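Student: Take a look at this one; I'll ask things after.
The values are calculated or read from the model by the stated rules, or taken from the named source; none is laboratory data. In this text, all values refer to a predicted model and were calculated from it rather than measured experimentally. Methodologically, a virtual Cβ is constructed for each residue, glycine included, from the backbone with ideal geometry; neighbour enumeration extends over all protein chains shown. Accessible surface areas use protein heavy atoms only, side chains included; no ligands, DNA or RNA. Shrake-Rupley method; radii C 1.70, N 1.55, O 1.52, S 1.80 Å.
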Amino acid sequence: MPNPTNDKPVNANSVNKSNQGMLDKFRNLPNDSPQKIVVVTIILCLTCSIMVSSAAVLLRPLQLSEEQLSKRIEILKVAGLYDEDESINSLFNHIETRIVDLASGEYVTNIDPDRYDYERATREPETSVEIPKNQDIAKINRSAKYAPVYLVKEGDEIKNIILPIYGYGLWSTMYAFISLQADGKTVEAISFYQHGETPGLGAEIANPQWQQRWVNKQIFDQQGEVRLRVIHGAVDKTSKNAPYDIDGISGATLTGNGVTNMIRYWFGERGFGPYLAKLQQGA
Ligand SMILES: Cc1cc2nc3c(=O)[nH]c(=O)nc-3n(C[C@H](O)[C@H](O)[C@H](O)COP(=O)(O)O)c2cc1C
């Protein structure tokens with residue numbers, strides 16, 4: 001059939017034949033010919049780079065960033081499950097991560113907890129809310145609508161509830177995980193894992209000896225009011241407030257006030273208050 005765009009008819013057979021001829025010519029070159037070495041090297045490099053980039057793209061969802069891994073270590077530590085000889089991921093299998101709608105206190109099922117980027121959700125306008133100035137006692141400006149909670153379980157029973165909390169101290173935002181007993185109101189452990197307070201003063205919030213003073217303290221009073229606080233000076237063990245009071249760190253009253261404020265915020269109505277109330281009702 002004549003070809004309307006070209007005077008010479010295109011003959012597919014002749015094209016195939018000439019390709020075949022080039023291939024045969026290439027194949028028949030001696031193995032140590034420079035052309036053959038260059039072409040084979042290029043093909044090898046291309047194949048390897050395609051394989052490596054495909055593996056990187058395909059495996060990306062399964063990889064944890066450095067930050068996610070170190071957060072998992074902190075959660076395991078506060079859960080009392082950390083063992084440096086064991087794989088972080090297999091230890092983390094003992095912990096169930098759930099996402100909570102902070103406003104309602106209900107679990108959210110349409111977000112994959114393993115892929116939820118809480119820090120990002122806190123920044124983005126669509127996934128967070130601005131906190132009215134008069135309610136922003138932790139000085140965090142915005143809060144994500146949904147927050148992760150980490151449940152340490154024994155069979156079907158919840159043993160500990162670990163919550164991420166943060167708030168402003170004197171110089172910086174302080175980040176902690178607090179572990180509660182199954183009653184949702186008694187402190188099992190706390191770990192301040194990131195802050196920029198002064199070494200020897202405010203930075204003592206990260207001192208395990210000070211954190212030990214939180215164990216068995218009560219967050220709420222009988223009326224459900226948040227009462228846990230860091231006081232100025234040492235706790236009077238005979239005082240009726242002793243179950244809620246934590247020794248202050250000397251020279252760091254302002255950091256201590258920041259810690260008290262973050263506790264009041266995160267266990268209040270805008271934080272995990274609704275969630276813990278539901279949990280206590282057995283919902
Ligand atoms: C260089 C410098 C760093 C300080 N860092 C802290 C700090 O991290 N946290 C804090 O509460 N106070 C810090 N302070 C002290 C506060 O300014 C304030 O004096 C103190 O909180 C009062 O606490 P006190 O009543 O326990 O002494 C620092 C002071 C100086 C001069």
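Student: Can you tell me which residues in the range 160-177 are closer than 23 Å to L69 by Cα, of a type in the set (F, W, Y) and either open to solvent by less than 10 Å² (accessible area, probe 1.4 Å) or within 13 Å of the ligand (Cβ to nearest atom) (or both)?
Tutor: F177
Student: Among the residues of the range 188-217, write down those that are part of a loop (DSSP other than H, G, I, E, B), surrounded by 12 or more Cβ atoms within 10 Å (Cβ to Cβ) and small (G, A, S).
Tutor: The answer is G196, and nothing else.
Student: May I ask you to verify whether L180 is open to solvent by less than 20 Å² (accessible area, probe 1.4 Å), in contact with a Gly (Cβ under 9 Å, 6 or more places away or on another chain) and either within 16 Å of the ligand (Cβ to nearest atom) or at pLDDT 95 or above (or both)?
Tutor: Details: open to solvent by less than 20 Å² (accessible area, probe 1.4 Å): yes; in contact with a Gly (Cβ under 9 Å, 6 or more places away or on another chain): no; either within 16 Å of the ligand (Cβ to nearest atom) or at pLDDT 95 or above (or both): yes.
Answer is no for this residue.
Student: Next question. Of the conditions (1) closer than 30 Å to E124 by Cβ; (2) within 16 Å of the ligand (Cβ to nearest atom), A147 fails just one. Which one is it?
Tutor: (2)
Student: While we're on this one: Restricting attention to the range 110-133, which residues are open to solvent by 80 Å² or more (accessible area, probe 1.4 Å) and at pLDDT 95 or above? Break it down stepwise before answering.
Tutor: So in the range 110-133, the residues open to solvent by 80 Å² or more (accessible area, probe 1.4 Å) come out as 110, 114-115, 120, 123, 125-126, 130, 133.
Result: N110, R120, R123, P125, E126, E130, K133.
Student: Ok, one more. Please tell me if V226 is touching a strand residue (DSSP E or B) at 6+ places or on another chain (Cβ under 7 Å) and either within 16 Å of the ligand (Cβ to nearest atom) or under 19 Å from E74 (Cα atoms) (or both). Talk me through it step by step, then tell me what you get.
Tutor: Working: touching a strand residue (DSSP E or B) at 6+ places or on another chain (Cβ under 7 Å): yes; either within 16 Å of the ligand (Cβ to nearest atom) or under 19 Å from E74 (Cα atoms) (or both): no.
In short, no.
Student: Is there any pair with a first residue in the range 102-119 that is touching a residue at least 60 places away in the same chain (Cβ under 8 Å) and a second that is open to solvent by less than 70 Å² (accessible area, probe 1.4 Å) whose Cβ atoms are under 6 Å apart and which are 6 or more apart or on different chains, and what are they?
Tutor: L102/A147; G105/P274; G105/Y275; G105/K278
Student: Something else now. Search the range 72-89 for residues being open to solvent by less than 50 Å² (accessible area, probe 1.4 Å) and in contact with a helix residue (DSSP H, G or I) (Cβ under 8 Å, 6 or more places away or on another chain), and hand back the single one that is farthest from F192 (Cα to Cα). Break it down into steps so the answer makes sense when it comes.
Tutor: Step one: filter the range 72-89 for residues open to solvent by less than 50 Å² (accessible area, probe 1.4 Å), giving 72-76, 78-79, 88.
Keeping just the survivors that are in contact with a helix residue (DSSP H, G or I) (Cβ under 8 Å, 6 or more places away or on another chain) gives 72-73, 75-76, 88.
Details: R72: 14, I73: 13, I75: 11, L76: 13, I88: 19 Å.
Among those that are open to solvent by less than 50 Å² (accessible area, probe 1.4 Å) and in contact with a helix residue (DSSP H, G or I) (Cβ under 8 Å, 6 or more places away or on another chain), it is I88.
Student: Which condition breaks for N257 when tested against (1) open to solvent by less than 40 Å² (accessible area, probe 1.4 Å); (2) within 16 Å of the ligand (Cβ to nearest atom)?
Tutor: Here N257 meets the rest and fails (1).
Student: Being within 18 Å of S191 (Cα to Cα) and open to solvent by less than 30 Å² (accessible area, probe 1.4 Å) is the filter here; which residues of the range 223-243 pass it? Full working, then the answer.
Tutor: Kept after step one, since they are within 18 Å of S191 (Cα to Cα), are these residues of the range 223-243: 228-230.
Those that are within 18 Å of S191 (Cα to Cα) and open to solvent by less than 30 Å² (accessible area, probe 1.4 Å): L228, V230.
Student: For R270, indicate whether it is under 22 Å from the mean Cα position of the chain (by Cα), touching a residue at least 12 places away in the same chain (Cβ under 8 Å) and either surrounded by 15 or more Cβ atoms within 10 Å (Cβ to Cβ) or more than 16 Å from the ligand (Cβ to nearest atom) (or both). If you could, list the steps in order and put the result at the bottom.
Tutor: Numbers: under 22 Å from the mean Cα position of the chain (by Cα): yes; touching a residue at least 12 places away in the same chain (Cβ under 8 Å): yes; either surrounded by 15 or more Cβ atoms within 10 Å (Cβ to Cβ) or more than 16 Å from the ligand (Cβ to nearest atom) (or both): yes.
For R270, the condition - under 22 Å from the mean Cα position of the chain (by Cα), touching a residue at least 12 places away in the same chain (Cβ under 8 Å) and either surrounded by 15 or more Cβ atoms within 10 Å (Cβ to Cβ) or more than 16 Å from the ligand (Cβ to nearest atom) (or both) - is met.
Student: If a residue must be more than 20 Å from S179 (Cβ to Cβ), under 24 Å from the mean Cα position of the chain (by Cα) and small (G, A, S), how many such residues does the range 196-228 contain?
Tutor: Qualifying residue count, the range 196-228: 2.
Student: Tell me yes or no: at least one residue of the range 83-96 is outside any helix (DSSP H, G or I) and among the small types (G, A, S).
Tutor: Going residue by residue through the range 83-96, those that are outside any helix (DSSP H, G or I) are 83-87, 93-96.
Among the residues that remain, those that are also among the small types (G, A, S) are: 87.
Yes, there is a match, as at least one residue in the range 83-96 is outside any helix (DSSP H, G or I) and among the small types (G, A, S).
Student: Have a look at I249, I263 and point out the one that is assigned to a loop (DSSP other than H, G, I, E, B) and either in contact with an Asp or Glu (Cβ under 7 Å, 6 or more places away or on another chain) or assigned by TED's automatic domain parsing to the domain that holds I137 (or both).
Tutor: Working: I263 fails: assigned to a loop (DSSP other than H, G, I, E, B).
Unique residue meeting the criteria: I249.
Student: In this structure, does A252 turn out to be crowded, with 16+ Cβ neighbours inside 10 Å, within 16 Å of the ligand (Cβ to nearest atom) and small (G, A, S)? Reasoning before the result, please.
Tutor: On the way: crowded, with 16+ Cβ neighbours inside 10 Å: yes; within 16 Å of the ligand (Cβ to nearest atom): yes; small (G, A, S): yes.
Taking the combined requirement at face value, the residue satisfies it.
Student: Looking at F220, is it assigned by TED's automatic domain parsing to the domain that holds Y265, at pLDDT 95 or above, open to solvent by less than 70 Å² (accessible area, probe 1.4 Å) and away from the ligand (no atom under 16 Å from the Cβ)? Break it down stepwise before answering.
Tutor: Details: assigned by TED's automatic domain parsing to the domain that holds Y265: yes; at pLDDT 95 or above: yes; open to solvent by less than 70 Å² (accessible area, probe 1.4 Å): yes; away from the ligand (no atom under 16 Å from the Cβ): yes.
In short, yes.
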